[in-house]
Each structure stands twice: as C-alpha cells, then as structure tokens.
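The values are calculated or read from the model by the stated rules, or taken from the named source; none is laboratory data. In this text the structure is predicted, and so the values were computed from the model without any measurement. So basically every Cβ, Gly included, is an ideal-geometry build from the backbone, and we count neighbours across all protein chains shown. Just the protein is used for accessible areas: all its heavy atoms, side chains included, with ligands, DNA and RNA removed. Shrake-Rupley method; radii C 1.70, N 1.55, O 1.52, S 1.80 Å.
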Amino acid sequence: MVGQANETFEKLIAHYRETAYLRSIEGLVTWDHMTYLPSKGVDYRSEQIGYLAGLIHRRRTEKVIADWLDELVNSDLAKDPNSRSDCTIREIKRSYDRSVKVPVDLVEEIARVGGQSHVAWVEAKKTDNFTHFQPWLERMLDLRRQQAEALGYESTPYDALLEEFEPGETTERVSSVLEGLRNELAPLVAAIVDSNKTAPCEIIQRKYPVAMQEKFGKHVAAEIGFCFDSGRLDVTAHPFCGGAGPNDVRLTTRYDEHDFANGFFSIIHETGHGLYEQGLPKVEFGLPPGEAVSLGIHESQSRMWENLVGRSRGFWQHFFPSLCEAFPEATAGVSIDEWYAAVNDSRPSLIRTESDEATYNLHIIIRYELERAMIEGDLSVADLPTAWNDTYEKTLGVRPDKDSVGVLQDVHWCEGMFGYFPTYTLGNLYASQMFDQANEELGTLEDAFANGEFRPLLEWLRTKVHEHGQCYSPSEMIQNISGKPLSHEPLMRHLKTKFGELYDLS
Ligand code: ZN
C-alpha cells in the first residue's frame with residue numbers, strides 16, 4: 001500500500017512540475033508584457049497569455065488529479081501535519097476542490113467580462129465618468145457573488161472570496177483586527193494633522209538623475225540580500241515582482257527624476273517580495289512547499305523591508321553617506337534628521353498608492369468596508385461614489401472632488417478582485433508582529449542596520465517564513481513565530497513611537 005501511495009504521489013508531483021513550467025513561462029511573458037513589449041505586440045501577447053492561462057487551468061482541473069488525491073488523502077503521506085508531503089496533498093486538494101466547484105462557463109464569463117470591465121474602467125477613469133463604469137462593476141459584483149455561492153461559505157459570501165487571497169482567514173477575524181486598528185489609528189492620524197508640523201519634503205523633490213537612482217537602488221537591494229545572479233531589476237509603469245523560475249526573480253520599479261522616494265521605496269518594497277521568492281525552497285519550485293503562503297504574508301515581507309527597515313533611522317545611518325555621495329547636489333546641506341523626517345512625511349491624502357506608512361491602512365480599511373457592504377448587498381454600486389467620498393471625509397478628513405482621484409483610482413474592483421484589499425493591511429500587521437519578535441530574538445535590529453548588518457534579519461525570515469512554503473497557514477505561521485494570534489497592537493506601537501517622535505506628539 002505504502003509503495004503504491006508513493007508511486008501515486010510521484011505522479012501528482014510530476015504533473016505539477018510540468019504545470020510549473022507553463023506557469024513560469026506565463027510569468028516570463030507577463031513580465032515582458034509589462035516591461036519591454038513593443039506597443040503593437042500587445043494583441044498577440046494577450047492571446048498568448050490567454051492561451052497559457054486556459055492550458056494551466058485545464059491541467060489543474062484534470063479528473064485524474066481527483067483520483068490521485070482520493071488515494072493520497074488517507075495515506076501515510078498525509079498523516080504528519082505540516083510535513084512536505086502533507087502540505088503538497090492538502091494544498092493541491094484545496095485548490096483543486098475550489099476550482100472544480102465553480103462551473104467552467106462562470107470562470108470563462110468572469111475572465112471575459114473582467115477584460116471588458118477593465119477597458120470600461122480605464123475609459124471611465126480617463127474621462128472622470130463613473131456612470132460609464134457602473135454597469136460593468138454591477139456585472140462583476142454579480143458574477144463574484146455567483147462564484148461565492150458556488151464555492152460555499154459559513155457566514156458571509158465575502159469569506160469565500162477572501163479565501164482565494166488569504167487561505168484560512170475569516171471575515172470575522174479580519175474585521176475584528178481592522179476595527180481595533182482603526183480605533184487607534186484614526187486618532188493618531190488626527191494628532192499628526194493637529195501637530196501642524198510638516199516634513200521637509202522639498203528635499204526629496206530635488207533633482208535625482210535616473211541613472212544614479214537605478215545604481216543606488218541596486219546597490220541597496222544587493223546589500224540587504226537580494227541576489228542579482230538570481231534576479232534583475234527593470235522599469236515598468238506599475239511596479240511588481242514577478243518570476244520565471246527558482247533562480248530568476250524579476251523586480252520592477254519606475255523612476256521620477258524629481259521624486260526620489262517613488263523609485264527608491266518601490267525598489268525596496270519589491271526587493272522584499274523578491275527576497276521571499278529567492279528564499280522559498282528551490283527544489284520544491286511550483287509545488288505548495290515551494291510557494292508563498294498568501295498575499296498577506298508576501299506583503300508582510302515587502303512592507304517590512306520597505307517601512308520597518310528602509311524607513312528606519314538605523315537604515316539611513318548606514319546608507320546616508322553613500323546617498324550623499326551618489327547625489328551630492330540634491331543632498332547638499334541636508335542633515336540625516338531632515339532626510340529621515342522627509343522620507344517619513346505623513347499626511348492624509350486622496351490616493352492610496354501615494355500615501356504614507358500611517359495613513360495607508362485607513363485607505364485600506366475604507367475599501368474593505370465598502371467592498372464587503374457591496375458583496376453582502378448592503379451598498380448598491382449606484383450609491384458607491386457618494387459612500388466613498390463620505391467615508392474619506394469622515395475617516396481621513398479629505399473629500400475627492402472627482403471620481404478619478406476617488407472611487408475610480410484602483411484597478412482591483414474592475415477585475416472583480418473583492419477580498420484582495422485587506423491583504424495589504426494584513427501584510428503591515430504581520431510585518432510588525434514578526435519584526436517585534438525578531439527584535440526580541442536578535443537584539444535591537446536598528447543598531448544592526450546602522451552597522452550595515454541586514455543578514456541576521458534576512459536569515460531569521462528565511463527560517464521563520466521563507467523555507468516553510470505553504471506548510472503552515474498564515475494564522476498558524478504568525479502564531480508559531482510570535483506565540484500569539486494576529487493583533488493590531490505591534491503595528492500601532494510602532495506607528496505611535498515613530499510618528500510620536502517625528503511629530504512631537506505627547
Ligand atoms: Zn507588494
């Protein structure tokens with residue numbers, strides 16, 4: 001019996017490794033699409049990507065997988081929870097069951113309408129016309145509700161959609177953590193505004209030649225541990241981290257000669273994602289033990305390197321001299337205190353992607369509450385723009401005067417990605433909770449950063465997060481690391497200390 005189960009397990013793995021070739025090719029052509037593809041090549045590339053996506057979906061839902069899984073779930077290979085074999089069987093079963101529950105025509109309809117809805121959203125955003133987008137958003141909402149019904153859920157259809165991005169997490173738990181966060185964060189942001197203290201942002205907007213920004217960014221990414229023999233950095237419109245294989249991680253950023261922070265912190269953010277990808281077990285590439293756990297945990301890695309490391313005083317104690325050497329004109333006469341204040345400027349704003357470490361999470365909480373209300377039928381799409389504007393005014397004290405800088409700013413809803421937004425803030429919460437624990441186990445990390453020592457933190461993340469792939473769920477992982485369930489407290493402690501000092505709050 002054992003011999004036969006092993007044989008079946010090998011067949012399952014071989015099948016998934018072959019699918020991994022296709023997925024990594026899809027990753028490569030998608031990366032090329034976003035970076036170097038000539039504009040006239042877009043139509044054929046979209047066909048290539050669509051073809052690959054269909055091929056991958058068909059392979060993942062082949063009936064033979066169900067037969068193999070039936071045999072394997074009760075075998076000894078699935079007996080030891082969190083072992084490599086148990087993880088492989090459990091996670092392949094989870095994704096297989098999810099994909100066969102949704103009828104194929106619904107899957108195709110979501111893809112087809114999603115593409116058209118995306119086009120409508122681009123046009124609506126350009127012309128500031130929400131009404132143009134409204135019927136498409138209504139359609140996407142309806143399709144995702146149908147998908148949630150097909151998938152099944154316990155208390156709210158939002159649970160079924162959240163599961164796609166943050167496996168094992170529930171709406172109830174996410175709501176309770178985000179509510180705790182909002183109750184403490186809103187007063188902190190109000191206190192920052194009331195302080196009337198402003199950061200010397202002008203420093204960041206001086207002239208930073210793009211070629212030097214790239215050189216400096218690569219230097220920092222390499223120093224914090226990114227291996228450029230197993231990855232590279234290129235330019236795109238919306239920065240992301242992609243990949244084409246276990247030793248091929250593609251970082252992207254964008255540069256603005258008069259906004260140093262935009263390009264630099266995108267590099268550090270994507271490097272955080274890239275360090276995670278480079279730390280996953282290479283022999284398991286394409287299999288659950290070699291894949292990231294969830295979007296939230298992935299984001300915890302990027303946010304940790306971007307904010308908790310890259311925007312810390314210790315980090316700049318180490319890098320400020322080389323920054324001044326790279327940009328002698330822009331940094332002339334600037335002190336490290338001024339620089340530290342400038343890269344940590346905090347103020348309420350309208351655009352999520354341009355917001356700072358403190359206010360960012362309020363942008364997410366607003367979106368989470370609105371999308372949940374839409375999915376649960378408590379908010380109609382027609383009422384969404386007003387609800388959006390009112391909530392911004394109430395929560396952040398700013399009100400958009402047009403929808404392009406309000407409800408139309410993000411791409412997520414047009415593609416029906418409901419349940420995605422909370423993973424950004426979950427990432428910040430996981431990051432702070434992990435970072436607190438790392439500080440406890442490794443000593444004061446800021447002192448290490450000031451000495452240019454980033455390896456201890458990276459090695460710690462390798463053993464606590466990266467090398468486990470999907471062996472533990474996000475909530476098990478944070479419990480294993482910190483001994484506690486996820487809480488808003490570590491993030492709030494960090495924000496209160498940092499911004500309390502920067503904005504003279506008592
Ligand atoms: Zn990210």
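Quick check on this structure: which one of 386, 359 is of a type in the set (S, T, N, Q) and open to solvent by less than 30 Å² (accessible area, probe 1.4 Å)? Let's see the steps before the verdict.
Numbers: 386 fails: open to solvent by less than 30 Å² (accessible area, probe 1.4 Å).
Sole residue among the options that is of a type in the set (S, T, N, Q) and open to solvent by less than 30 Å² (accessible area, probe 1.4 Å): 359.
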Condition met for residue 348 (within 22 Å of residue 497 (Cα to Cα) and either assigned to a loop (DSSP other than H, G, I, E, B) or among the charged types (D, E, K, R) (or both))
yes
For the stretch 110-121, enumerate the residues that are out of contact with any helix residue (DSSP H, G or I) (no Cβ under 6 Å at 6 or more places or on another chain) and not basic (Lys, Arg).
111, 115, 116, 119
Here is a list: 216, 226, 240. Which entry is farther than 30 Å from residue 474 by Cα and touching a residue at least 24 places away in the same chain (Cβ under 8 Å)?
216
Output for the stretch 268-303, where each listed residue is more than 16 Å from the ligand (Cβ to nearest atom), part of a loop (DSSP other than H, G, I, E, B) and under 20 Å from residue 162 (Cβ atoms)
291
Take the residues in the stretch 187-199 that are under 29 Å from the mean Cα position of the chain (by Cα) and surrounded by 14 or more Cβ atoms within 10 Å (Cβ to Cβ), then tell me which one is nearest to residue 366 (Cα to Cα).
189
Helices (runs of 4 or more DSSP H) contained entirely in the stretch 408-496, each with at least 2 residues that are under 19 Å from residue 307 (Cα atoms) and either within 16 Å of the ligand (Cβ to nearest atom) or among the hydrophobic types (A, V, I, L, M, F, W, C) (or both):
422-442, 445-450, 455-464
Over the stretch 304-318, the set of residues surrounded by 23 or more Cβ atoms within 10 Å (Cβ to Cβ) and more than 15 Å from the ligand (Cβ to nearest atom) is 315
Among the residues that make up the stretch 24-37, is at least one of them on the phi < 0 side of the Ramachandran plot and open to solvent by 100 Å² or more (accessible area, probe 1.4 Å)?
yes
I need the full set of residues from the stretch 218-260 which are within 16 Å of the ligand (Cβ to nearest atom) and assigned to a helix (DSSP H, G or I), in order please.
221
From the set of residues in the stretch 38-47 that are at pLDDT 90 or above and either among the charged types (D, E, K, R) or open to solvent by less than 80 Å² (accessible area, probe 1.4 Å) (or both), which is nearest to residue 244 (Cα to Cα)?
41
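Here are some residues: 202, 184, 154, 138. Which one is open to solvent by 40 Å² or more (accessible area, probe 1.4 Å), modelled with pLDDT of 95 or more and over 30 Å from residue 262 (Cβ atoms)? Talk me through it step by step, then tell me what you get.
Values: 202 fails: over 30 Å from residue 262 (Cβ atoms); 184 fails: over 30 Å from residue 262 (Cβ atoms); 154 fails: modelled with pLDDT of 95 or more.
Result of the check over 202, 184, 154, 138: 138.
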